[in-house]
Amino acid sequence: MHALAEARSLVSKARRIAVLTGAGISSESGIPTFRDAMTGLWSRFSPEDLATPEAFARDPRTVWQWYAWRRELVERAQPNAGHAALVELERRTKRFALITQNVDGLHARAGSRHVIELHGNILRTRCAREGRILEESAMRPGSPPTCAACGSHARPDVVWFGERLSPESLSLAGEAARGCDLFLSIGTSALVEPAASLPLEALGAGAALIEVNPQPTPLSRHATLVLAGAAGEVLPRLVGPA
Ligand code: NAD
């Protein structure tokens, strides 16, 4: 049987589905993956130079400007057919969890209801010292604003390299992975831990694993099925009418 037909059959039989998405699902909305983002003005940096607490401590202005640029892209972007297909999948699945490494909020904007944002949300800002979420009006290009209460720098409410994920989100994601009968890994390079282990946990607990990605990843050889293509094309065909 053709991989897509087999995958459709797995999807239609599954009662409990967990999905992990990465930057690839948003690339068709015009939001670059990290690899694609390091071009033009930013080509002399790597994400590790910008998305770490050390980078922010050393050069808050540059880090803030990088986030301001990415935030603008996110604000202009619209969810795509891949995001929409996952909304439909959630609607018709008994138990469904959507775990995302993306910080762009596009799943919620598309209409997904239960989204576990493992890496936070770029549209939120928090006090770098106390974690308090700050008002929208604090966000401007240029230097990071300061927290009105304690005077510390404000920072994007995202998880940087070397930082811990929220234990609650991680535990919800782990439960969803271990409790599903089908796991979809979509548009992620499957390299960044701990998210990268979730598909393997699902497999270990007996679930089938479908990967959607135009490029092979370290996960591909473990997957039950690989659908090699763009999420915005593959997901509507996976979820939509035959
Ligand atoms: P990644 O950049 O490491 O990998 C992206 C993957 O998507 C690649 O394997 C690529 O082959 C695949 N891809 C590219 N276009 C695709 C498409 N149209 N359909 C399906 N797959 C496609 O991203 P990652 O695995 O999410 O991990 C890196 C980190 O980057 C994460 O921590 C995330 O927080 C952060 N990030 C988020 C955004 C966002 O919020 N949109 C953007 C860039 C980076």
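Data table
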item: Answer residue from segment 172-193, given it is within 16 Å of the ligand (Cβ to nearest atom), in contact (Cβ under 8 Å) with a residue 24 or more places away in the chain and surrounded by fewer than 18 Cβ atoms within 10 Å (Cβ to Cβ) and is farthest from the chain's Cα centre (by Cα) among those; result: L191
item: Test result for S169, surrounded by 14 or more Cβ atoms within 10 Å (Cβ to Cβ), touching a residue at least 24 places away in the same chain (Cβ under 8 Å) and in a helix (DSSP H, G or I); result: yes
item: From R76, R15, residue being touching a Ser or Thr at 6+ places or on another chain (Cβ under 8 Å) and loosely packed, with under 12 Cβ neighbours inside 10 Å; result: R15
item: Members of segment 46-102 that are outside any helix (DSSP H, G or I) and among the acidic types (D, E); result: D59
item: Subset of segment 36-74 (residues that are out of contact with any helix residue (DSSP H, G or I) (no Cβ under 9 Å at 6 or more places or on another chain), basic (K, R) and within 26 Å of A108 (Cβ to Cβ)); result: R71
item: Flag for E135 being within 12 Å of the ligand (Cβ to nearest atom), surrounded by fewer than 22 Cβ atoms within 10 Å (Cβ to Cβ) and more than 26 Å from E90 (Cα to Cα); result: no
item: Criterion (surrounded by fewer than 16 Cβ atoms within 10 Å (Cβ to Cβ), aliphatic (A, V, I, L, M) and farther than 28 Å from R70 by Cβ) met by exactly one of A149, A205, A228; result: A205
item: Failed item in (1) surrounded by 14 or more Cβ atoms within 10 Å (Cβ to Cβ); (2) in a helix (DSSP H, G or I); (3) without any contact (Cβ under 8 Å) to a residue 40 or more places away in the chain, with R221 passing the rest; result: (1)
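Bear in mind that the values in this text are calculations on the coordinates, not laboratory data. Keep in mind it's a predicted model, so treat the numbers as computed, not measured. Note: ideal-geometry Cβ built from the backbone for every residue, glycine included; neighbour counts use all protein chains shown.
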